[in-house]
1. Could you count how many residues in segment 656-697 are farther than 23 Å from GLU411 by Cα, outside any helix (DSSP H, G or I) and open to solvent by 70 Å² or more (accessible area, probe 1.4 Å)?
2. Here are the criteria: (1) open to solvent by 30 Å² or more (accessible area, probe 1.4 Å); (2) more than 20 Å from ASP573 (Cα to Cα); (3) in a helix (DSSP H, G or I). Tell me which single one ARG406 does not satisfy.
3. Report those strands (runs of 3 or more DSSP E) wholly inside segment 196-305 carrying at least 3 residues which are hydrophobic (A, V, I, L, M, F, W, C).
4. Among the numbered criteria (1) touching a Lys or Arg at 6+ places or on another chain (Cβ under 7 Å); (2) more than 21 Å from ARG220 (Cβ to Cβ), which one does PRO195 miss?
5. Report those helices (runs of 4 or more DSSP H) wholly inside segment 80-170 carrying at least 3 residues which are within 29 Å of the chain's Cα centre (by Cα).
6. When residues of segment 483-504 are filtered for being open to solvent by less than 40 Å² (accessible area, probe 1.4 Å) and touching a residue at least 40 places away in the same chain (Cβ under 8 Å), how many remain?
7. Would you please list the contacts, defined by Cβ atoms under 8 Å and residues six or more apart or on different chains, that run from a residue in segment 576-594 that is over 19 Å from ILE527 (Cβ atoms) to a residue that is β-branched (Val, Ile, Thr) and open to solvent by 20 Å² or more (accessible area, probe 1.4 Å)?
8. Give segment 260-286 a look and list any residue that's in contact with a Leu (Cβ under 9 Å, 6 or more places away or on another chain) and open to solvent by 30 Å² or more (accessible area, probe 1.4 Å), or say none.
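The values are calculated or read from the model by the stated rules, or taken from the named source; none is laboratory data. Computed from a prediction, not measured in an experiment: that's the story for all the values here. As a convention, Cβ positions derive from the backbone with ideal geometry for all residues, glycine included, and neighbour counts pool all protein chains shown. For accessibility, only protein heavy atoms count, side chains too; no ligands or nucleic acids. Shrake-Rupley method; radii C 1.70, N 1.55, O 1.52, S 1.80 Å.
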Amino acid sequence: MTDNQGLTGGDMQAGPELWRGTARVLNPDPLRINYLVVHDDDRLEDMSPLQGFGPSWTRTLWALPLLARLPASLIDRILPLDGLIAMRMGGMNAQAWKPLAIGALEQVDLDDIGFLLVLFAGTEVVSDRVTQWQARQPRATLLIRADPQPVDFEAADTSVRDYCHSVIDAHGDRLSPQRRASAERGLAGWSSPEPIAIELPELGHNATSPNELVLQRAGRGLVAREEGFIGQSEADYDAAVIASAEAVMAVRDAVRFRDFNRFYLPRPGLILSEPALYRFAYPRTRPGSREDRAAHRVLRMFQQQRGLFTEIDETQADALLNDPLAQGVVAARRSELAIFTGGVALFAAQTCSAVLRLRPAVNHVFPLLSRYAANIRARNVEARLKTPRLFDDIQRSLASALGPDRIAFIERHGGPIKIISDAPLELLPVGDLPLALRYDVSRVNATPGNLMMGELVPRVTLTLAPEALSRVLVISAFADDDPLRNLVATAIDSAMPMLEGRVAIRQVRVSSEEELVAALNAADESILVFDGHGTVDDGDRMGGIIVGGRSVSIWNLRERIRVPPIVILSACDTQGIDAPSHVTIGNGFIAAGARTVLATLLPIGGVEAASFLSRFLYRLAAFLPAALDAYERAISWGEFVSGLLRMVLATETIDALLDPAADADAVRELKTRTNYEINMGRPDWYGALLERIAGLSGKGLAALRPRAARILSRSEAIRYVQLGFPEEIVIDDGTVFGRLFPPDIREQLGIS
C-alpha cells in the first residue's frame, strides 16, 4: 500500500463545514468514527471563576486522554504507523470530535452527526438523557460513561471496535462494495499495536503530559514511574518540558513529510502553551472579610506565580490545610489547569505536535504592554523617543519569562507555530525579529476557556481556489464627516488597474447596527474586510467597532450574524494588547464562526491601513497564481498573510534607512529582491536586507542595527495578529490535488 492509498475520503471534502441545527456534521464518511463529549446544559453564571470553563468539563475530563488514543477511522489500525503519523502532521485523519450540550444533542438526529457515533457522558443525569436519545435513532450508537467506575483505554478500545463491527454488520449495505470491504478489512485487523519503547519517563505532570499523550497516540511507549513528578527547582521543570517536547520532535523527524503533504500542508509542529487568568483576575484586591483572608492569600499566590516550581510559605500551607474557602480556590484552579492541559494535549495529539509549556511569568508582561500601547497612541515627539525602550522592555520580559533553553528550542525547530496563550508571544525576540515575523504564527487565546476548547476541536480543511478568494467584501463604518472615510476606497480605486478581472471588490457602507447585521448576513464572499474605528474598551470592559457613533460588540452579535471564513480588521485595537477583558472584536468574530481573523494589537495609521489593504489585494491578484506555479504545492492562508507582514516591515525599513532620491533604481531593486526572498521562504531575509542596506548606504551594519530596531518598535507589521486557524485554509487551483490524487486513486478511496 502506498502512502496515498492510506487516505480516507472524509478528509478530501473541500468547501465549508456543514451545519444542521445546533450540531455540526462531524464527518459524513462512513469509515470515520464520530465522537461527542456530552455535557450538561451549563449556565453562563456557573463558568469557572478564573479562566471560564463550564462545570461539565470537570466531569468529562477523563474522556480526553481516551479520545487521544482511540482511532479516527475504521482503517487506522491497518495503516503503516509512519504513514498515519505523516497524515496527521498534515491535518489529515484527525478525530471527528466535539463537546456538545445534552440539550443541543436532543435537537438533532444521528444522521445530522455522522454514520458511526460514540458518546461520552460524565453524570448519571446526562447518561439517562443520552440513553433516551439513543432509543430514537435509526442505528445503534455507543455510550461510554465513567460511572460507576473509571474506563481504561483497553476497555474503551474494545467497546468501540465491537460497536463499529455491529453497525457494519447491520447497515453495511449502505456503503459501496469498495468502502464496505475497506471497513471489514479495518475491523478484522483492529488491534492495539505494540508500543515502540523510548527512553522518556512518563511524569504525568501538567507541564509534560500533553507531549506524553502525543507520543502515546504516535505508538510510543514511555518508561513508567511509580510516583508522580515533583521538581525540586525551576530547572527541573524546564528540563522535563524540553525533554518531552524533543521526544515528539524526534518522532516527527523520523517520520518526515510525504508527497501528499504538498496538498495537506504541515500543521504547526510546535505549540507554545501557557494557561492564564481572566484579565480582571490579576489586579490586587482586598479580602472582603476576616473569613476571606486565607482564600485571598491563596488567590494572590496564583496571581503572582511566575514559575512552574512554587514554594508555599507556612501561612499559605496552613490555609490550604485548614481553610475550606482557600481549599475551594485551589480546587477550582487545579481543575482549570487540568482542563486546559487536557484540551491542549488532545489538540496536539491530532497532528503529532510538540507542546512547549511556558512559565506563568509570560502573563506578567501586561503592565509593560499598557505603557507601550499608551505610548503608541500618543502623538508627541517625546513619546516616539521612548517607543524603542518600551518595546525592548516587553521583549526582554518575554525572553526572560521563557528562558534561554526554550528560545533555543524554538530556534532549533522553527515554524510554523501555534500559540495557545493570552500573552503576546508574537513579540518574543527570536534572533533579530519578533516570533511572528520570523515564523508563520497563529494563536488561540486561553480565555475564556470554553471558547478555547471549542476552537481546539479539529475541523475539515477548508480548500479554496484562487477564484474563491478573488471576491472580497469591504464594510466601511466611518461617519460621513470622518477624514478617514475615503482612504480605503481611494486606495482600492488606485489599485483597480492592477486588479481588474482578477479581484472583485464589493463595498458596503453601514451606519447602524442593523445595517451591519444585514450586510454580514447577505455576504457570500470568502473574505470580509472591516474598515472603520475600533475601541479597546467601550466603558464596560468590552471592545467594539464604532458604527453610527456608538460601540457595537461583535461578541454580543455572534448569534445573529454569519461571517465569512476569513476576516481582516482594518481598525485600531481589535485585539488590543492592553484590552481589559477577553471580549475583543477579534474574539467576537472567532466566536461568530470565522475560521481566521487578522486583528490589530495596537492603533494603526489610516494611510498605512489603506496602503496595507492595497498591498493585500494586489497580493491576492498577482502572488497567488504565480506562487502555486512556482511552489508546486498548495499554499496556506497563514503563510500568505505572514509573507505580507514581512514585506510591510521590509518596505518600512528600506524607506527609513535609504534615500530613494539618491538611487531610485537600487532601492527598487532591493525591494524586489527582498520580496522575492521573503516569498521563497529564505529564513535570514531580514539579516540579508540589513547587510545590503549597509552596503548601499556606506554605513556600518553595527550602526544600522539600532536604527532598524527603532523602526521595528513602531512598525505596522508588528501591530497585526493572526487569530484562529489560518493554517486550516488551503489554497489550490486543483492542479496540486489532481497531480497527487489521480482518478484511479480517487475511485479507490471513494472521493470526488
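1. The qualifying residues number 4.
2. (1)
3. Values: elements: 196-201, 220-223, 270-273.
The strands (runs of 3 or more DSSP E) meeting that bar are 196-201, 270-273.
4. Only one criterion in (1) touching a Lys or Arg at 6+ places or on another chain (Cβ under 7 Å); (2) more than 21 Å from ARG220 (Cβ to Cβ) is unmet by PRO195, namely (2).
5. 81-89, 102-105
6. 6
7. Partner pairs satisfying both residue conditions: GLY576/VAL536; ASP578/VAL536; ALA579/VAL536; PRO580/VAL536; THR584/VAL536.
8. If the condition is that a residue be in contact with a Leu (Cβ under 9 Å, 6 or more places away or on another chain) and open to solvent by 30 Å² or more (accessible area, probe 1.4 Å), then ARG262, THR285 are the ones that fit.
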